[in-house]
Amino acid sequence: MTLALALVVAVLFGIGTYLMLQRTLTRVIFGLVIMSHGANLLLQLAGGRAGEPPLVEEDSPATIVGMDGAGVFVDPLPQALALTAIVISFGVTAYLLAMAYRSWVLHDSDEVEDDVEDRRIARMSPTTADTEGDIT
Amino acid sequence: MIVLPIALPLLAAAVSLLVSRWRWVQRAISLLTCTATVVLATVILLRADAETALVSQLGGWPAPFGITLIADRFGAIMLLISTIMILVVLVYALGQLDDEREFRLHFHPVYLVLSAGIAASFLTGDLFNLFVAFEVMLIASYVLITLGADKGQVRSGMTYVVINLLASTLFVTAVALIYAATGTVNLAHLAVRLAELPDGLRTAFGYLLLVIFGVKAGIFPLFFWLPDSYPTAPAPITALFAGLLTKVGVYTLIRTQTLLFPHDGAPSLVILVIAGLTMLIGVLGAIAQNDIKRILSFHIISQIGYMIFGLGLFTLAGIAGAVYYVIHHIVVKTSLFLVGGMIETGTGSGALSKLGGVARRAPVLGLLFLAAALSLAGLPPFSGFVAKLALVQEGLNLNHGGIVAVSLLVSLLTLFSMTKIWGGAFWGKPEDVKGRVRADERPLRLKLNPLMLGATTALVGLSVVISVAATPLYALSERAAETLVERDPYIDAVLGPAGVARR
């Protein structure tokens, strides 16, 4: 596994996680997209070292690249898996964007709102009773 | 043969979209397809029970290279019970959904795709294909949970979609890591190869999959999305999701933990602790709620705890108990939500503070609710009693008194919370929605849709059958657990007995 690519995966996951913890819907969606890029890249890395040909030549020994990275061709299966995963995340992202737009149309804001019932239950607790004004 | 429960609904969904102008044709296609899959699933279960497992290699590629479909006893049981639920809820939905939701927003095609996704999750024998099946099921569920897209649905639907997408992304990550370590995604092949990995690495994979499927199943502490998002959907859809979708998570949990990470009969303390907390937190959450659907949603979580409890014991009897519990729970939970939906449609509200006197206004509903609620709490002679007895007995046999005590306490709290619904909604003076007591005191009959009533009655009837036929059903669960615990029948069925590709 190439170190540079492994670092890229780590950075993508980091950015994705950070964005997903935001309250704005568009940022959450961007976070998900970036994180799924990270996952897809990781799937690529599972196939073997970058730069090896994805083909088996006639005289090449038929060993799949293991974790030691000593092989002559890249396993093509993870690439097929990644392709499938990319298509799925594309479709879901489109759906999410439509939802975010709908939410913006209905609420006029891009923020994730509190659950009404959760707020009601939070008010029942004595510890939050005096800060009730802040919650509602 | 076992590809049909997946292919048929997908095909029907496409046809259904084409004929969306003719409403009766659309309804007929959905009904016919769902009935056909029930028949198919029955045949598959009978054959799988006789032959241990039915295997089909898609495209004729041999096991570790191609995609494997496999129906072992557990998978076939789940397939049959899920197809029955899908059929019953479809009938209920025909009575409940308005024209706008049913036809203009394309309920029928999406529902059929959901059915295909659920069947695929139960039948697949391939880790990546399981991810694809999940996605097919989830994308259909995203659409159904936001059907109509009003304010509440969009808000809570967003939580549901985002949390499930996060779990899916983690799933892809797990597949990548597992593939890098073992070089295969076939479940049977993984069962062989994972055993050769260092212990630490294997445990890490085990917990990674536990987290991913735990999100789908709604175990502690990953359940928070569930009670927020389920209650906002239309009643039949909430009922189906409550009954089935989390149980798909439980199914994959049981499948992967038993097949890929065998404990050799030693109980897993981590899973047992999670099970206890899931039960307790779920039921405590239910007590604080005021809305029928929300109370029931929290009960899903606490019930999931019981199934995980059976899994955590990792013995034949424990897993058999879990399998029987899943069967019982799917039927009972779905029927409770269907009754709740009928109360809501009839009176216009699901809030306990606004309801009252439903038992007088519609005695049938009271009867149906009572049978299902007592079964959920685990009172004899209902099916919940058999399921809980099996788990408690095995827990005591293995000297896990703590978890048994928790499970009994939770049963009691479940009963308490059911009496809360009973007292709030069924007893008292008949009120209209605004909370005013009707002046004439005459018990005003609720108008009940015959389709909805019929579907719910059939389901409650089925739960009675489950408790009456407990002996053969439990024997079946035991045979299913046997295949799960022994593992070899499953692996042999996929890879061949001597194992061409045993390595």
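The values are calculated or read from the model by the stated rules, or taken from the named source; none is laboratory data. All values derive from a computational prediction rather than experimental measurement. All Cβ positions, even for glycine, are placed from backbone atoms using ideal geometry, and neighbour counts span all protein chains on display.
Of the residues in region B:343-356, how many are part of a helix (DSSP H, G or I), surrounded by fewer than 24 Cβ atoms within 10 Å (Cβ to Cβ) and of a type outside the set (Ser, Thr, Tyr)?
Going through region B:343-356 one residue at a time, the tally reaches 4.
Here's a check for you: in region B:301-322, which residue that is closer than 18 Å to B:Gly249 by Cβ and touching a Pro at 6+ places or on another chain (Cβ under 8 Å) is nearest to the other protein chains (Cβ to nearest Cβ)?
B:Ile301
B:Pro221 fails exactly one of the following numbered conditions: (1) surrounded by fewer than 21 Cβ atoms within 10 Å (Cβ to Cβ); (2) within 12 Å of chain A (Cβ to nearest Cβ); (3) outside any helix (DSSP H, G or I). What is the number of that condition?
B:Pro221 satisfies every listed condition except (2).
Restricting region B:173-191 to residues that are of a type in the set (Ser, Thr, Tyr) and more than 7 Å from every other protein chain (Cβ to nearest Cβ), which is surrounded by the fewest Cβ atoms within 10 Å (Cβ to Cβ)?
B:Thr182
Mind checking which helices (runs of 4 or more DSSP H) fall wholly inside region B:245-342 and carry at least 1 residues that are of a type outside the set (Ser, Thr, Tyr) and closer than 19 Å to B:Leu412 by Cα?
B:269-287, B:292-313
From the list B:Ile86, B:Ile77, B:Ile67, B:Ile118, which residue is of a type in the set (Val, Ile, Thr) and touching a Cys at 6+ places or on another chain (Cβ under 9 Å)?
B:Ile86
Enumerate the pairs (first residue in region B:364-376 and surrounded by fewer than 22 Cβ atoms within 10 Å (Cβ to Cβ); second residue anywhere and among the small types (Gly, Ala, Ser) and part of a helix (DSSP H, G or I)) with beta-carbon separation below 8 Å, excluding pairs fewer than 6 apart on the same chain, so at least 6 apart or on different chains.
B:Gly366/B:Ala359; B:Ala371/B:Ser463; B:Leu374/B:Gly384
Does B:Thr52 qualify as being touching a Lys or Arg at 6+ places or on another chain (Cβ under 9 Å) and of a type in the set (S, T, N, Q)?
yes
Answer yes or no as to whether B:Phe205 is within 14 Å of chain A (Cβ to nearest Cβ) and either in contact (Cβ under 8 Å) with a residue 60 or more places away in the chain or among the aromatic types (Phe, Trp, Tyr) (or both).
yes
Hey, any hits in region B:232-240 for a residue that's at pLDDT 90 or above and within 20 Å of B:Leu280 (Cα to Cα)?
no
Can you find a residue that is in contact with a helix residue (DSSP H, G or I) (Cβ under 9 Å, 6 or more places away or on another chain), β-branched (Val, Ile, Thr), over 19 Å from B:Met137 (Cβ atoms) and surrounded by fewer than 17 Cβ atoms within 10 Å (Cβ to Cβ) anywhere in region B:2-14?
No; the residues of region B:2-14 include none that is in contact with a helix residue (DSSP H, G or I) (Cβ under 9 Å, 6 or more places away or on another chain), β-branched (Val, Ile, Thr), over 19 Å from B:Met137 (Cβ atoms) and surrounded by fewer than 17 Cβ atoms within 10 Å (Cβ to Cβ).
Please specify each residue of region B:157-172 satisfying the condition of being facing another protein chain (nearest Cβ under 7 Å) and buried (at least 22 other Cβ atoms within 10 Å of the Cβ).
Scanning region B:157-172 gives B:Gly157, B:Met158, B:Val161, B:Leu165, B:Thr169, B:Val172.
I'd like to verify a number: residues in region B:342-366 that are under 26 Å from the mean Cα position of the chain (by Cα) and either modelled with pLDDT of 90 or more or among the polar types (S, T, N, Q) (or both), how many?
Of the residues in region B:342-366, 2 are under 26 Å from the mean Cα position of the chain (by Cα) and either modelled with pLDDT of 90 or more or among the polar types (S, T, N, Q) (or both).
Of everything in region B:321-370, what is among the hydroxyl-bearing types (Ser, Thr, Tyr) and under 23 Å from B:Ser407 (Cα atoms)? Give them in sequence order. Before you say what the answer is, go through the steps one by one.
Applying the first criterion (among the hydroxyl-bearing types (Ser, Thr, Tyr)) to region B:321-370 yields B:324-325, B:334-335, B:345, B:347, B:349, B:353.
Those that are among the hydroxyl-bearing types (Ser, Thr, Tyr) and under 23 Å from B:Ser407 (Cα atoms): B:Tyr324, B:Tyr325, B:Thr334, B:Ser335.
Yes/no matrix, rows are residues, columns are (1) on the phi > 0 side of the Ramachandran plot; (2) without any contact (Cβ under 8 Å) to a residue 24 or more places away in the chain; (3) surrounded by fewer than 20 Cβ atoms within 10 Å (Cβ to Cβ):
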position	(1), (2), (3)
B:Trp22	no, yes, yes
B:Thr37	no, no, no
B:Ile67	no, no, yes
B:Ile70	no, no, no
B:Met78	no, no, no
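Kindly indicate whether B:Glu394 is charged (D, E, K, R) and in contact with a Leu (Cβ under 8 Å, 6 or more places away or on another chain). Give the derivation first.
Working: charged (D, E, K, R): yes; in contact with a Leu (Cβ under 8 Å, 6 or more places away or on another chain): yes.
So B:Glu394 passes the test.
From the list B:Ala116, B:Ala120, B:Ala133, B:Ala140, pick out the single residue that is closer than 20 Å to B:Leu40 by Cα and either of a type in the set (S, T, N, Q) or within 12 Å of another protein chain (Cβ to nearest Cβ) (or both).
Being closer than 20 Å to B:Leu40 by Cα and either of a type in the set (S, T, N, Q) or within 12 Å of another protein chain (Cβ to nearest Cβ) (or both) holds for just one of B:Ala116, B:Ala120, B:Ala133, B:Ala140, which is B:Ala133.
Hey, any hits in region A:15-23 for a residue that's at the interface with another protein chain (Cβ under 9 Å from one of its Cβ atoms), out of contact with any Asp or Glu (no Cβ under 8 Å at 6 or more places or on another chain) and either touching a residue at least 60 places away in the same chain (Cβ under 8 Å) or closer than 18 Å to A:Ala100 by Cα (or both)?
There is at least one residue in region A:15-23 that is at the interface with another protein chain (Cβ under 9 Å from one of its Cβ atoms), out of contact with any Asp or Glu (no Cβ under 8 Å at 6 or more places or on another chain) and either touching a residue at least 60 places away in the same chain (Cβ under 8 Å) or closer than 18 Å to A:Ala100 by Cα (or both).
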